[in-house]
Every structure is written in structure tokens, then in C-alpha cells.
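Worksheet for the structure shown next.
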């Protein structure tokens, strides 16, 4: 089932005995679990009928014993099995899943990886439980998710600001939503979020960030690139080396793909790069920096850059003999110099 379908069913008190929430993205698993916790039982009922178990601490017998007992002064009880992926005897819940107690909502939260449904337990879950898979979003889906999230809060955001947040916070939706919630508290409804709002409320510099570094590199603006890198070196905690290398790899990978598909119009190229533009104008905005970078970096140079990124990633992890005494800031300066020259 989809997230919205599960929430709607719970609103209508259409409860099911077993919910199996699994997948790589924990954000929606937490949202569903929280909604069930807050809306199935009233405050008086929760004292005796809300039970939380953890996979590291219990075995299947503890889960079954709690799930089989009758609610006290309530129609239902809710039993959460959190960190289910850590429970060694999880598959032994098969017989309970096949014949669950109708007065219990057993909510199994299986985070960070998906369940394999080709096992006996997996088949039982698929047949008898409400199954929700929380899939990890791709990098290019994050700006759109940010737009939708803020839209629900009565706000909008310009393209450069959403790209900036996506570049810096990655694909962890819990982390992104926490930072956006801080921003929501400090702006009025109807505001269009700009890079200035991001800088003031989330702490990402609008001038010294990976997004700006990409643009400087794409245009071969050595002065600007060096300015940003020196800022990064002085603020390593806010600009961790792995994040910078990862985002640069994505940037140059898209530049490489632009070489391959340069004959396409902007709309088709944007789609080929994994963007989802609403119109030709948006597509032109999304591919502009890659067309510019393509002119400055022939394919032979891009191959060199990919090698540099791999080498310096290894150096940052201490897996190269010539890194003794070098901090990540110094490594980053070297890397950017070699990319530009």
C-alpha cells in the first residue's frame, strides 16, 4: 500500500492486525508508526495498551505473548516491534502473521533494508499483512520532494534554493525535513524560499557551498573555485570531504552524459539526466550548467577527473601512502587544483 492509503484507512478506523513497514528510507516508516501511535488509542487507553518492543532485545516468543494478550478497557491494543531487522528470530513470527489476533495492531518496523518476499515468512507477510516499502529517493528526486514538502506548509521555493538544500543534505528525508521545519518556523506563510532564507535558517552559505563550487568549476572560474575551497578547508565540519567528492562526482557524471546526448534539445536532455522539468524553460535552467561544463571539459579530461576523484577519496580514508599529515582541507585544495589544470 501507499503511505497516503495507509493513513487514510487509519483515519477511517479501518485497522488491520499486522503492518509490515520496511525499506531503505526510514522517514515514512517513522511517520506511519507515529500516526498509528497517536491516533488508534486515546490517552487513557495508551497506558495499558501501547507496547513498544525492540528487535535487539526480544525474540519471537516475547512478541507473540504481547500480541496475543487481550486489550485492557479498550477495543484494541497496539504493539510496536521496532528495529525488527535486528531480531534474529523474526521469521519465527510466521505462524502469528498467518493467524494474528484481531484485537491487536502489530506494527513491525524493519528499517534500512527491504524484506525478501521469496521466503516462507516473506510470503506470509505479503499475503496477510499491510505491507509498505519505503524506497530511497534518487538524488534528482530530492528537489521535487522539497518543493512538495514546503508546499504542504504553505510555502514555495525557487529552483536554486531547493538544489542547494538537496546538494548539502543529500537524500536523508528525516534530516531534510528537520532542517526545513526549522525554516518553516521562521518565515510567514506564502513566502517563496530563496538561497538567503536557506543561509539564514539552515546554515548553508549561499556563496560558499558545493552548488557554487560546481558552477565555478563548470565555468573554469579559478578565482571563485579557490575562494570556495579555502572556505571549505577552514570549515571542514560543515563541508565534509566525502560530501564534496560525492557531489562533484555527480556533477561530472552528468557533464559526461551531456557529451553523449548533446544533440538533444534541453527538455529531452533534462529528462535524460534524470530531471523532471515541468516545461522547456525549467529544462533550460536545469541543463545550462552541464552544457557550459561540457565545453570546458572534453571527454578525455573527464576520464582524468573521475580517476582523481577516486584517488582522492581513497587518500581521505588513509588508503594511499602519500597522505601522511595531510588534512582533508589540504587534499581538497590539491584535488580542485588538478581538476582545473
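Only residues that are more than 27 Å from the chain's Cα centre (by Cα) and without any contact (Cβ under 8 Å) to a residue 40 or more places away in the chain were counted in the range 282-301, giving 6. When the test is whether a residue is assigned by TED's automatic domain parsing to the domain that holds residue 332, out of contact with any helix residue (DSSP H, G or I) (no Cβ under 7 Å at 6 or more places or on another chain) and assigned to a helix (DSSP H, G or I), residue 310 passes it.
Of all residues in the range 129-161, those satisfying the criterion of being touching a strand residue (DSSP E or B) at 6+ places or on another chain (Cβ under 9 Å) and either farther than 19 Å from residue 188 by Cβ or modelled with pLDDT under 90 (or both) are 129, 130, 131, 132, 133, 134, 135, 136, 143, 158, 161.
If you check 320, 341 for being modelled with pLDDT under 85 and surrounded by fewer than 19 Cβ atoms within 10 Å (Cβ to Cβ), only one passes: 320. How about the range 266-284: which of its residues are touching a helix residue (DSSP H, G or I) at 6+ places or on another chain (Cβ under 6 Å) and either part of a helix (DSSP H, G or I) or assigned by TED's automatic domain parsing to the domain that holds residue 166 (or both)? Answer for the range 266-284, where residues must be touching a helix residue (DSSP H, G or I) at 6+ places or on another chain (Cβ under 6 Å) and either part of a helix (DSSP H, G or I) or assigned by TED's automatic domain parsing to the domain that holds residue 166 (or both): 266, 267, 269, 270, 280, 283, 284.
So, of the residues in the range 266-281 that are crowded, with 16+ Cβ neighbours inside 10 Å and in contact (Cβ under 8 Å) with a residue 40 or more places away in the chain, which turns out to be nearest to residue 140 (Cα to Cα)? So, considering only residues that are crowded, with 16+ Cβ neighbours inside 10 Å and in contact (Cβ under 8 Å) with a residue 40 or more places away in the chain, the one nearest to residue 140 (Cα to Cα) is 275. Only one entry in 223, 263, 304 is without any contact (Cβ under 8 Å) to a residue 24 or more places away in the chain and outside any helix (DSSP H, G or I), namely 263.
Filtering 74, 9 for residues that are surrounded by fewer than 21 Cβ atoms within 10 Å (Cβ to Cβ), outside the structural domain of residue 109 (by TED's automatic domain parsing) and either in contact (Cβ under 8 Å) with a residue 60 or more places away in the chain or farther than 11 Å from residue 108 by Cα (or both) leaves a single hit, 9. In the list 57, 43, 24, which residue meets the criterion of being over 13 Å from residue 130 (Cβ atoms), touching a residue at least 60 places away in the same chain (Cβ under 8 Å) and surrounded by fewer than 18 Cβ atoms within 10 Å (Cβ to Cβ)? Just one listed residue meets the conditions, 24. When we screen 191, 196 for residues that are modelled with pLDDT of 90 or more and either outside the structural domain of residue 333 (by TED's automatic domain parsing) or within 27 Å of residue 137 (Cα to Cα) (or both), the only hit is 191.
Among the residues of the range 155-194, the one identified as part of a helix (DSSP H, G or I), over 26 Å from residue 244 (Cα atoms) and in contact with a helix residue (DSSP H, G or I) (Cβ under 8 Å, 6 or more places away or on another chain) is 184. Could you identify the single residue in 48, 80 that is in the same structural domain as residue 23 (by TED's automatic domain parsing) and closer than 25 Å to residue 120 by Cα? Checking each option against the conditions leaves just 80.
Each residue in the range 166-203 was checked for being over 18 Å from the mean Cα position of the chain (by Cα) and surrounded by fewer than 16 Cβ atoms within 10 Å (Cβ to Cβ), and 10 of them qualify. Looking only at residues of the range 66-82 that are in contact with a helix residue (DSSP H, G or I) (Cβ under 9 Å, 6 or more places away or on another chain) and assigned to a helix (DSSP H, G or I), we find that the one that is nearest to residue 37 (Cα to Cα) is 67.
Within the range 204-238, the only residue that satisfies the criterion of being surrounded by fewer than 16 Cβ atoms within 10 Å (Cβ to Cβ), in contact with a helix residue (DSSP H, G or I) (Cβ under 6 Å, 6 or more places away or on another chain) and more than 23 Å from residue 295 (Cα to Cα) is 236. Screening 125, 63, 97 for residues that are in the same structural domain as residue 24 (by TED's automatic domain parsing), in contact (Cβ under 8 Å) with a residue 24 or more places away in the chain, in a helix (DSSP H, G or I) and under 12 Å from residue 21 (Cβ atoms) leaves exactly one candidate, 125.
Filter the range 133-154 down to residues that are part of a strand (DSSP E or B) and out of contact with any helix residue (DSSP H, G or I) (no Cβ under 6 Å at 6 or more places or on another chain), then give me how many there are. Counting residues in the range 133-154 that are part of a strand (DSSP E or B) and out of contact with any helix residue (DSSP H, G or I) (no Cβ under 6 Å at 6 or more places or on another chain) gives 1.
The values are calculated or read from the model by the stated rules, or taken from the named source; none is laboratory data. All of these numbers come straight from a predicted model, not from anything done at the bench. Note that each Cβ is placed from the backbone with ideal geometry, even for glycine, and that neighbours are counted across all protein chains shown.
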